[in-house]
Amino acid sequence: MQVLPYLVSVWVFLVGCYGMATSRNLIHAVGCLAVCQSATYILLLAVGYRDGATAPVYSDVKPGSRPVVDPVVQALALTDVVVGATVTALLLALVMQISKRHGTVDPNELSELRG
């Protein structure tokens, strides 16, 4: 088992979290959240990878005659991409509404939203 994909996934997640913590722009924060989400793609692909395995297509060979990668992990990665795109689009729409109503995308200048 190789540890490099897991370390890359953690590194990408931490870079995204650092960007969100230091962001002074809501659009930049949404982009950093998308970077955090991309760390899950790397993690899912690392979990489903098998050395010497092929795609899980059984039309040309008998099942069990060769190692294949896990198709469930591939489906989860695809679902993760769709959910990530949806969340990013929703957050960008909210940022546009904040910009229209308050005239800024700087979170420090949004004093009306403080409780």
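Quick one: is ALA85 among the small types (Gly, Ala, Ser), open to solvent by 50 Å² or more (accessible area, probe 1.4 Å) and without any contact (Cβ under 8 Å) to a residue 60 or more places away in the chain? Yes, satisfied. Count of region 9-32 residues, restricted to those that are open to solvent by 60 Å² or more (accessible area, probe 1.4 Å) and within 22 Å of VAL47 (Cα to Cα), is 5.
Here THR54 qualifies as of a type in the set (S, T, N, Q), over 18 Å from TRP11 (Cβ atoms) and in contact with a Lys or Arg (Cβ under 9 Å, 6 or more places away or on another chain). Scanning region 93-102 for residues that are open to solvent by 70 Å² or more (accessible area, probe 1.4 Å) and either touching a residue at least 60 places away in the same chain (Cβ under 8 Å) or farther than 11 Å from LEU26 by Cα (or both) yields GLN97, LYS100, ARG101. Within region 33-82, the set of residues being open to solvent by 40 Å² or more (accessible area, probe 1.4 Å), touching a Pro at 6+ places or on another chain (Cβ under 9 Å) and at pLDDT below 80 comprises THR54, ALA55.
The values are calculated or read from the model by the stated rules, or taken from the named source; none is laboratory data. In this text the structure is predicted, and so the values were computed from the model without any measurement. Don't worry about glycine lacking a Cβ; one is built from the backbone with ideal geometry, like all the others, and counts go over all protein chains shown. With ligands, DNA and RNA removed, areas are computed over all heavy atoms of the protein, side chains included. Shrake-Rupley method; radii C 1.70, N 1.55, O 1.52, S 1.80 Å.
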